[in-house]
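Read-outs throughout are calculated quantities, based only on the coordinates presented, and are distinct from any laboratory measurement. Note that the structure is a prediction, hence the values are computed from the model and not measured. Glycine gets a Cβ as well: all are built from the backbone with ideal geometry, and neighbour counts include every protein chain shown.
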Amino acid sequence: MEHKASLWRDCLHFFYPDCCLCCGQRLIGTEKILCADCLGRLTYTGYENHERNPLNMRMKTKIPIRGASALLHFNKEGVIQKLLHVLKYQKQSEVGLFLGRLAGLRLIGQTPFCEADFLVPVPIHPKKLRKRGYNQSMLIAQGMNEILRKEISGDLLIKQERTQSQTKKSREARWANIQGSFCLNPEFLHEQRFHQQHFLLIDDVVTTGATSASCCQELLKIPGSQVSFFAIAHPE
Ligand SMILES: [Zn+2]
């Protein structure tokens, strides 16, 4: 049933691009991407107001970051799950910008996030980039930047080829494998303009935290750097 419903939504969206990407209802007035009902069903974490939020507390046990936050709770079958699916698999780049703008509005004046000098999207592998047409985290960063007005650095980090499939591994082995799959672009290590700067790493969803921890670790190799982390969705 769900598959049929989503096919119906996709068809509707093809013929009527002004439909809600979640429920398929016609958008009215100033509505964009989501209708008012679906927009109202997004559940905000409010983490940006709490230094001791669960994401920050968990990440700080792994890595010396300044702060971590996520915009929304990730609920299975929820509005955000549908939106992120559309963003990743249906070439709807506008969804990334939309989510980024929502995030940017939440982070105005919120330390340490608003103090960052650079927004750094988590990179995806070049093969995936060619297939998808964009890096969804870069779109989120661009949407955030319409509000926050920082610099975006999309080439500081490099996603390397993963040597083995992740699926049959234990949690620990998966973590270790991800740890090695991002590296700092060596071209920029000695570039003075990146020294003594605060980087805000941006991702779409944070699950185990292995990806974000690995990226933060790499960014912390830049002399004098500080790192914070922000994701659109956190499953908790
Ligand atoms: Zn809707």
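Between E187, E161, E94, the residue with the greatest mean-square fluctuation in the GNM of the chain (Cα pairs under 10 Å linked by springs) is E187.
The modelled label-to-label distance for the pair H190/T208, using points 7 Å beyond Cα in the direction of Cβ, is 3.6 nm. Using Stokes-Einstein with the Kirkwood hydrodynamic radius over Cα pairs, what translational diffusion coefficient do you get for the range 83-236 at 10 °C and a viscosity of 1.306 mPa s, in µm²/s rounded to a whole number? Estimated via Stokes-Einstein, D reaches 100 µm²/s. The slack between I147 and N75, meaning 0.36 nm per residue of separation minus the straight C-alpha distance, is 23.3 nm. Would you kindly derive the ³J(HN,Hα) couplings of the range 105-116 from the backbone phi angles with the Karplus curve 6.51 cos²θ - 1.76 cosθ + 1.60 (θ = phi - 60°), listing them in order in whole Hz, with x for Gly and Pro? The phi angles translate into 5, 6, 9, 4, x, 9, 7, x, 4, 6, 8, 5 Hz.
Using R₀ = 30 Å, calculate the FRET efficiency as 1/(1 + (r/R₀)^6) where r is the Cβ-Cβ separation of Q110 and Y134; round to 0.05. Efficiency for this residue pair is about 0.65. For the chain, the 222 nm mean residue ellipticity estimated from helices alone, with every DSSP H stretch of n ≥ 4 adding -39500 (n - 2.57) and the total spread over all residues, rounds to -11500 deg cm²/dmol. Relative to the longest principal axis of the Cα atoms of the chain, the long axis of helix 2-15 makes an angle of roughly 80 degrees. Applying a DSSP loop filter and a limit of 10 other Cβ atoms within 10 Å to the trypsin sites (Lys or Arg not before Pro) in the range 108-149 leaves R149.
In the range 75-165, the ratio of gyration radius to Kirkwood radius, Rg to Rh, stands at 1.00 when only Cα atoms are counted. Annotation: amide H of A70 within the under-5 Å range of Y47, E48, A231, sequence separation 5 or more or interchain, hydrogens built in the peptide plane.
Applying both filters, DSSP loop and at most 16 other Cβ atoms within 10 Å, to the chymotrypsin sites (Phe, Trp or Tyr not before Pro) of the range 75-144 gives Y134.
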